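Asker: Once you've had a glance at the structure underneath, I'll fire off some questions.
The values are calculated or read from the model by the stated rules, or taken from the named source; none is laboratory data. What you are looking at is a predicted structure, and each value in this text was computed from that prediction instead of being measured. Positions of Cβ are generated from backbone atoms using ideal geometry, with glycine treated the same way; all protein chains shown enter the neighbour counts. Side chains included, ligands, DNA and RNA excluded: accessible areas come from the protein's heavy atoms. Shrake-Rupley method; radii C 1.70, N 1.55, O 1.52, S 1.80 Å.
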Amino acid sequence: TQIFKSVDKGENWTQLGTAPSGSTLIDILVAPSDNKVIVAATPYTLVKTSDGGLTWTNITAGLPTSPAQITRVAISTYDANKIWVSFSGYASTAKVYVTNNGGQTWTNISAGLPNLPVNCVVYMPGTSCDAVFVGCDVGVYVFNGTTWIPYFTGLAHTPVFDLEIYKPTWTIRAATYGRGVWECAIDTPMFAPRTDFS
């Protein structure tokens, strides 16, 4: 129900403030662009800290936690205020939500997904459209900024419970229920590249 941090490879642990979670945490994510921003989720609550865990804020307001349950969280690589949340259950309008302001308001981007539980969401870095992949009870889908596209040709028809992107080869890997781990190359021409010159 709380978050702990170790800076010595697990020898010692320190609780990061008091997160108002209320039940067992199912996901914890540190923002890649700002390690003081941490988001944690229970099935019904989403909390966030912007100061490394000194203070926590409940950012659940606006999320459909009554007809559905939170399954996973993703954060943009470039913007700590851009967060996606996936949901389980069979409420057709409660699949994936996104915020651009750190959880002050939420936008429903579920339209176009099948009415199946969405078990996980992962952000794809390097795209100007802020693409995200989701793993459902059947299939993987990708959001290209405007629409959801099926992305599971050849994948076993079984629940996908975890997705990871391996950036050195731009490969997406899917962990399934009872059918092992699958991978495929990401079709990078599908997405406009993010310009990030320095």
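Asker: Peptides 102-109, 23-30: what's the order by average Cβ count within 10 Å, highest mean first?
Answerer: Highest mean packing first, the order is 102-109, 23-30.
Asker: Moving to a separate point now. Between Tyr90 and Thr169, take the C-beta separation as r, use R0 = 45 Å, and let me know the FRET efficiency to the nearest 0.05.
Answerer: Computed FRET efficiency for Tyr90 and Thr169 comes out at 0.80.
Asker: Treat each spin label as a single point 7 Å out from the Cα along the C-beta direction, and report the Val7 to Tyr44 distance in nm.
Answerer: It works out to 3.6 nm between the two label points.
Asker: Follow-up question, since we're still on this one. Using θ = phi - 60° and the Karplus relation 6.51 cos²θ - 1.76 cosθ + 1.60, list the HN-Hα couplings for the range 109-121 in order, rounded to whole Hz, with x at every Gly or Pro.
Answerer: Per residue, the Karplus-derived 3J(HN,Hα) values read 10, 6, 4, x, 8, x, 7, 10, x, 9, 8, 7, 9 Hz.
Asker: Solvent-accessible area per residue for the chain at a 1.4 Å probe radius, Å²?
Answerer: 50 Å²
Asker: Still on this structure, please answer the following. Normalised by the empirical 2.2 N^0.38 Å for globular proteins, what value does the Cα Rg of the range 73-177 take? Don't skip to the end; give the middle numbers.
Answerer: Values: Rg = 12.9 Å, N = 105, 2.2 N^0.38 = 12.9 Å.
Working it through for the range 73-177, the quotient is 1.00.
Asker: Now for a separate question. Taking H placed 1.01 Å from N in the peptide plane, check which residues at least 5 places from Thr171 or on another chain put their amide H under 5 Å from its amide H.
Answerer: Those qualifying (amide H under 5 Å, at least 5 residues apart or on another chain) are Tyr166, Ile186.
Asker: Can I ask one more? Where the centroid of each part is defined by its Cα atoms, how far is the range 11-90 from the range 131-147 in Å?
Answerer: What the calculation gives is 20 Å, centre to centre.
Asker: Turning to a different aspect of this structure: Please state the Cα pair-distance histogram of the chain with 5 angstrom bins from zero: what percent is in each bin?
Answerer: For the chain, the binned pair fractions read 1, 8, 16, 19, 20, 16, 12, 6, 2, 0 percent.
Asker: Can I ask one more? Along the range 89-96, what does the Karplus equation 6.51 cos²θ - 1.76 cosθ + 1.60 (θ = phi - 60°) give for ³J(HN,Hα), rounded to whole Hz, x for Gly and Pro?
Answerer: x, 10, 7, 4, 9, 10, 10, 9
Asker: Quick check: with the 1.4 Å probe, what order do Arg173, Arg179 take by accessible area, largest first? If you can, show how the numbers build up before the last one.
Answerer: Details: Arg173 90, Arg179 130 Å².
Ranked from most to least accessible, the order is Arg179, Arg173.
Asker: Using the basic label-point model (7 angstrom from Cα toward the beta carbon), what is the Val181 to Asp51 distance in nanometres?
Answerer: Calculated label separation equals 3.9 nm.
Asker: In sequence order, what are the phi-derived ³J(HN,Hα) couplings for the range 8-24 according to the Karplus relation 6.51 cos²θ - 1.76 cosθ + 1.60 with θ = phi - 60°, rounded to whole Hz, with x for glycine and proline?
Answerer: The phi angles translate into 10, 6, x, 5, 9, 10, 10, 6, 8, x, 10, 6, x, 7, x, 7, 5 Hz.
Asker: How large, in percent, is the carbon and sulfur part of the accessible surface of the chain at a probe radius of 1.4 Å?
Answerer: Answer for the chain: carbon and sulfur cover 52 percent of the accessible area.
Asker: Please work out how much accessible surface Ile149 shows to a 1.4 Å probe, ignoring ligands, DNA and RNA, in Å² rounded to 10.
Answerer: Answer for Ile149: close to 40 Å² accessible.
Asker: Counting only pairs 8 or more places apart or on different chains, how many lysine pairs in the range 1-160 have C-alpha atoms closer than 22 Å?
Answerer: Working: Lys5/Lys36; Lys5/Lys48; Lys9/Lys36; Lys36/Lys48; Lys36/Lys82; Lys48/Lys82; Lys48/Lys95; Lys82/Lys95.
Eligible lysine pairs with Cα atoms under 22 Å apart amount to 8.
Asker: Can I ask one more? Out of residues 5 or more away from Thr127 or on other chains, whose amide H comes under 5 Å of its own, with H placed 1.01 Å from N in the peptide plane?
Answerer: Here Arg194 satisfy the definition.
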